[in-house]
Amino acid sequence: MDNPISEGALHLITSNHGANAGGEEYVRRQHYVYFDDQEVLTYKPGGKSCEPYRYYNTQGNMIYGTSPKTEAQWTSWNNWCPGDVIPNRIIDLGDVDAGSHTFKINVPAAVFTGGEGNFPLSLFFFSQDVEGTVSIEDIKYVDYSLYPNPSSDFITVNASEKLREILLYDLSGKQVLQSTANTLDISILASGMYVAKIKFENGVETTEKIVKK
């Protein structure tokens, strides 16, 4: 952002896809949204009955099944209803300083069964401050996962971009480990909570909480 902006808000639209049983299209999981490493929203998609949309089922694979389901059956698993609108989640940010900012969605329990699945999203920034400007030319992103967490020995970062560095800190802010490899050996550490700062070659930096068992 070239200038400070007042009353800023993010408009977030996401849709989970997984294609296989047990994947992201069919299992409701908690989503955590961060702006500048501060949690600004948690949500679990879906949770509504898709019966009103059965009429619109034109897929040969009978995506809605061959018989009606109760509301409890629908809400136990569905992330979205084909034919329904996808929610626009509005995140009020208040005043936002000039400069670069980070945005992150974290789904720690995500499972991409058979290596299939994705999280398509649209993200819009809105403000009534007409003097503020937002540059979208330098937006960068990385799809990544960190696992296992908690762990007693190793944590691994699997990412769409090349990893530059992992720095691990204890809760006092002291750096305790550093690695340029995708796998970090934490077996020598005492049990407890740590913070990993993950840096990628394209300039993206992010943080994750790590639990050492």
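Laboratory data are not the source of any read-out in this text; all were calculated from the coordinates shown. Remember, it's a predicted structure, so these values are computed and weren't measured experimentally. With ideal geometry, Cβ positions are generated from the backbone for all residues, glycine too; neighbour counts draw on all protein chains shown.
Summary table
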| quantity | calculated |
| --- | --- |
| Longest DSSP-loop-exposure-free segment, GluC sites (Glu not before Pro), the chain, at most 13 other Cβ within 10 Å | 1-115 |
| Counted charge near I186, where neighbours are those whose Cβ lies closer than 9 Å (Asp, Glu -1; Lys, Arg +1) | -1 |
| Listed pairs K140/K213; K48/K209; K44/K174; K48/K199; K162/K212; K48/K140 exceeding 28 Å between Cα atoms | K140/K213; K48/K209; K44/K174; K48/K199; K48/K140 |
| Dipole moment magnitude, nearest 20 debye, the chain about Cα centre, only Lys, Arg, Asp, Glu C-beta charged | 1000 |
| Over the chain, relative contact order from alpha-carbon pairs under 8 Å, at least 6 apart, % | 25 |
| Filtered trypsin sites (Lys or Arg not before Pro), the stretch 154-212: DSSP coil and at most 12 other beta carbons within 10 Å | K162, K174 |
| Cα-centred dipole magnitude for the stretch 144-212, charges only on beta-carbon of K, R (+1) and D, E (-1), debye, nearest 20 | 120 |
| Residue among F103, L167, S145 farthest towards the positive dipole end of the chain, charges placed on Cβ | S145 |
| Computed [θ] at 222 nm, helices only, for the chain once each DSSP H run of length n ≥ 4 contributes -39500 (n - 2.57) | -500 deg cm²/dmol |
| Order of M1, M193 - criterion: other Cβ atoms within 10 Å of each residue's Cβ, fewest first | M193, M1 |
| Answer label for Cα Rg over 2.2 N^0.38 Å (calculated), chosen among (i) 1.27; (ii) 1.00; (iii) 1.19 | (iii) |
